[in-house]
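First the structure, in the form of structure tokens, and then the observations on it.
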Amino acid sequence: MEKKYNPKIVEEKWENFWEERGYFSPRPGRKKRSFSMVMPPPNITGVLHMGHAFNITLQDIVARFKRMQGYEVLWIPGIDHAGIATQNVVERELQKEGVDRKKLGREEFVRRIWKWKEQYGERIFHQMRRLGVSSSWEDKAFTMDEGHSRAVREVFVTLYNEEYIYRGDYIINWCPHCQTALSDIEVEYEDVDGKLYYIKYPLKDGEKYITVATTRPETLLGDTAVAVNPRDERYKVFKGKKLVLPLVGRTLPLIFDDYVDPDFGTGALKVTPAHDIEDFLIGKRHSLPLINVFNKDATINDKGGSYRGLDRYVARRLIVDDLKKGGYLEKVEDYVYRLGKCYRCGTVVEPFLSTQWFVRMEDFAREAIKVVREGKIEFYPDYWKRSYFDWLEKIHDWCISRQIWWGHRLPVWYCQDCGEIIVARDNPSRCEKCGSSNLKQEEDVLDTWFSSSLWPFSTLGWPEKKDKFKKFYPTSLLCSGWDILFFWVARMVMMGVKFTGNVPFKKVHIHPLIGDEKGEKMSKSKGNVVDPLDMMEKYGTDAFRFSLVALKTETPYLRFSQERVKGYRNFANKVWNASRFVLMNLEDFSFSEKTLFSNELQLCDRWILSRYGRAVKEVTDNLEDFRFPQAAQAIYQFIWQDFCDWYVELVKPRLKSSSIQRRISQAVLYEVLKGSLKLLHPFMPFITEELWQRLPGEVKSIMISDWPEDKFVEDRDAEKKMGLFMEVVTQIRTIRAEMRIPPQKKIEVLLHTQNSENLSLLRENLSYIETLVNSERIFAGSDVEKPRICASGIAEDIDVFIPLERLIDVDKERERLSKDLIRVENELERVDRKLSSNEFLKKAPPEVVTREREKESQLREKLSRLKKRLEDLSNI
């Protein structure tokens, strides 16, 4: 067996092994419990990024865990057509060729996208395989494949016939760059430093005026009223008055509406119904005209007079200048406000009056709330339910039409002769009303999230309900980042309940997003993006996977660190080396489970089997509740500390004998290594498969082995005794390290206790202590006296003495320890100052505060030990 673990060789070997043998794909005819998941479909434009890697690794851990538990697992992979994003990418490619989309025409442009999809659309699948993803590749889906398209039409037509889908004029979010409508949750908001402009609106019948405050003076071109609150005493005298719109001269009514906030600005609001959602609603209540002053590219249109053709921000500057010249601008103040941007391209979104297609959401939202309140869907962590409920309780109708060419075209046709609107599952050949064949299909396509909301059941063949649908729907788990809780998760619940009569999934795990080392969002503009493929190439896939899931956080972004990946590469090496040692000592081994329950088991055997049993329970329980970091840390701590650092070292002398103790050591090593590899497999599939194949007499693949049973009961007596033994060894090792006694120098150890039980324990295990601490002589007794020149420690009621004569230069050591003491005291003072600062506690992220508190605790402990060492030397 190779001395060093080589991830590249191992990973290349096993990448195809599992898939070729059909281990990833379920066989629905089998009489097994079923477990199913759908993968959140990445965009066809995408390459594997850190967010995909994290989300998919979590799902893969669950899939491998459930298979080993005996479930028939269906994990469906897929990709999303990603309407706006894909159209933008292909359009940019065409521009490089000097080709204009509009000149090319819709049919040819869509054909080009399909060609691009065939060439690049599935590259992310190949990258997922590199990550070890064990999804059912034969069931992979695409949001615009034939079956999915059929499901989309079925849903649209049904909702239209039931009057949930309607067409109407409404204020929508419009992206001037992408030239399409956006739903509310496709708009990302950020706080910006802007200006608040105070503009005088003269009364038509006199010299007085009313001042309004606005952040968008360019929209005054579309004003059709000024509004005030009916309870605002300042404006009651103006009731019935008319005002004159500055620069335009249009007469405006003064209206009274409860929406107006008397405390904002002057308490008077300019009302622009065509360019603000709240103004639109005010306009409907007061029957105000709607004047749209923008073109679709956010330039001023024909209704903008002399400002026609200007970009909105250029128009703003000129209008402010003209207001100033005309004496209408009272003042300008700095003002911070929220600005909405397109989630795809970052362009500032324009509220825009437009004819669009909508879904009435109130009934669906009510049902989606109900199924969660009734416990039919469980959230992990549970607190995400609050966000889910908050959004659904404030839901607006969903704008589902998009003014682009790539996507599911609305199954709507207009009769060009009689004006009839036809909504049909199949393309109609003639008008149902007048019989004309002069039909024109709606140009708009559906919002990408409309088709994605059907994903859990459309991927299983719905609207047909064949065997796969019957066995695997509802799906068992959905694993998603918090950022698409509303985009996707809530909408899947609404559509699933509506069209299948059941929830789309029984459990939802909402996880944080991957951030950089500071916990900030990764973005190209910040230059902090990490390529997962680079990480896998550099440190190995298993180490990378483990680094993603092992860190616990309560914040929205995980702090990803390359150093942590490096640390888990060391862990992989530790697993490899420990396994190599065990396998080298199993050459003459014949396993019998009876050996594990023999009366001749030594203390360390009983202890490691007890600790192993606890690890099985901890990993299993945490994975059942999707506490991935806790599960990862449980197996990490067990393998590294309990198994490698203690048990493997303790059994080395016994393995050199030919007695029953060698056979017992072999049996325990084999059982614990085999079980540990199983526990580790969902997290580190490649190295565990490689090592599994080297174990004698096991099944073809660790993937299809059984999950470890919880068969070793907790042995409290062994754990208590071993804990004391380990504490004694740790005290000796600490003294050796702190007194800088070279590792190769043998030491003398004296142990004193009046406790007869502990004394017996020590005397029974003196040979082990001698091996672990490199001691030339070790003695334990109730009459042991403290040497004059020594370092000491305490483990419960046991005094530990290490004579220092001939080992160190006492004066130099005393001087070194004094310097260390001053350094630690200064560092502790700095940390204490920070932790006593209310400003630091208020502004610092929780994990930073926790880290400082841990540092404080460690420094205090170190300070205490340094004082003890100095005290030992001061008595000489």
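Secondary-structure-derived ellipticity at 222 nm for the chain, considering helices only, amounts to -13000 deg cm²/dmol, per-run term -39500 (n - 2.57) for DSSP H runs with n ≥ 4. Ranking 398, 640 by solvent-accessible area of protein heavy atoms (1.4 Å probe, all protein chains present), from largest to smallest, gives 640, 398.
Shown are 242, 3, 270, whose ranking by accessible area with a 1.4 Å probe and every protein chain present, most to least, is 3, 242, 270. The residue among 647, 73, 314 whose Cα reaches farthest toward the positive pole of the charge dipole of the chain, with charges on the beta-carbon of Lys, Arg, Asp and Glu, is 314. Rolled with a 1.4 Å probe across the full set of protein chains, the surface gives residue 1 an accessible area near 80 Å².
Over the Cα atoms of the stretch 651-788, the radius of gyration divided by the Kirkwood radius equals 1.08; this is the Rg/Rh ratio. Ellipsoid fit via the Cα gyration tensor, the stretch 528-587: semi-axes of 29, 13, 7 Å, each the root of five times an eigenvalue, largest first. Close amide H contacts of residue 43 (hydrogens built in the peptide plane, cut-off under 5 Å, sequence separation of 5 or more or a different chain): 80. Of the GluC sites (Glu not before Pro) in the stretch 101-198, the ones in a loop by DSSP (not H, G, I, E or B) with at most 11 other beta carbons within 10 Å are 162, 163.
As a calculated quantity, the FRET efficiency between residue 617 and residue 347 at R0 = 56 Å, using C-beta atoms, amounts to about 0.60. These residues, 690, 827, go from largest to smallest accessible area, 1.4 Å probe, as 827, 690.
Since only 23, 10, 44 are under comparison, the one whose Cα sits farthest along the positive direction of the charge dipole of the stretch 1-57, derived from C-beta charges on Lys, Arg, Asp and Glu, is 23. A 18 angstrom limit on the alpha carbon distance is what I want to check against. Which of 574/745; 674/711; 720/867 exceed it? The pairs that break the limit, which is 18 Å between Cα atoms, are 574/745; 720/867. Round to the nearest 10 and give me the degree value, 0 to 90, for the angle of helix 628-637's Cα axis relative to the longest principal axis of the chain. Result, in degrees: 20.
Recomputing Rg and Dmax of the Cα atoms in Å from the coordinates shown identifies the correct label among (i) 30.3, 97; (ii) 35.4, 113; (iii) 28.8, 96 as (ii). Per-residue packing, averaged as other Cβ atoms within 10 Å, sorts the ranges 567-578, 766-777 into the order 567-578, 766-777, beginning with the highest.
Relative to the dominant Cα principal axis of the chain, helix 277-286 is inclined by about 40°. Charged side chains reduced to their Cβ positions (Lys and Arg at +1, Asp and Glu at -1) give the chain a dipole of some 860 debye around its Cα centre. The phi-based Karplus calculation (6.51 cos²θ - 1.76 cosθ + 1.60; θ = phi - 60°) puts the 3J(HN,Hα) values of the stretch 529-539 at 6, 10, 8, x, 5, 5, 4, 5, 5, 7, 10 Hz, whole numbers, x for Gly and Pro. The string of couplings for the stretch 600-606 from the Karplus curve (6.51, -1.76, 1.60, θ = phi - 60°) is 8, 4, 7, 3, 5, 5, 4 Hz, one whole number per residue in order, with x for Gly and Pro.
Count Lys and Arg as plus one, Asp and Glu as minus one, and take only other residues whose Cβ is under 13 Å from that of residue 565; the net charge is then 0. Taking amide hydrogens as placed 1.01 Å from N in the peptide plane, the amide H of residue 337 sits under 5 Å from those of 192, 194, each at least 5 positions away in sequence or on another chain. Shown in residue order for the stretch 373-380 are the 3J(HN,Hα) couplings computed by the Karplus curve 6.51 cos²θ - 1.76 cosθ + 1.60 at θ = phi - 60°: 4, 7, x, 6, 10, 9, 9, 10 Hz (x for Gly and Pro).
Any chance you could check the Cα centroid distance between the stretch 489-555 and the stretch 590-610 for me, in angstrom? Going from one Cα centre to the other spans 41 Å.
Exceeding 20 Å between C-alpha atoms, which entries from my cross-link table qualify? They are 538/566; 140/370; 208/324; 678/721; 394/552. The answer is 140/370; 678/721; 394/552.
Within the chain, antiparallel bridges make up roughly 70 percent of the DSSP beta bridges whose residues both belong there. Counting charges near residue 221 (Lys, Arg +1; Asp, Glu -1) among other residues having Cβ under 12 Å from its Cβ returns a value of +3.
In degrees between 0 and 90, to the nearest 10, how far off the longest principal axis of the chain does helix 810-835 point, with axes built from Cα atoms? It works out to around 20 degrees.
Amide H contacts under 5 Å for residue 74: 35, 36, 37, restricted to partners 5 or more places along the chain or on a different chain, H placed in the peptide plane at 1.01 Å from N. For the chain, relative contact order (Cα pairs under 8 Å, six or more residues apart, normalised by length) works out to 12 percent.
The values are calculated or read from the model by the stated rules, or taken from the named source; none is laboratory data. Everything quoted here is computed from the prediction, not taken from an experiment. For neighbour counting, all protein chains shown are included, and Cβ atoms are generated from backbone atoms with ideal geometry for every residue, glycine included. Calculation scope for accessible area: heavy atoms of the full protein, side chains included, ligands and nucleic acids excluded. Shrake-Rupley method; radii C 1.70, N 1.55, O 1.52, S 1.80 Å.
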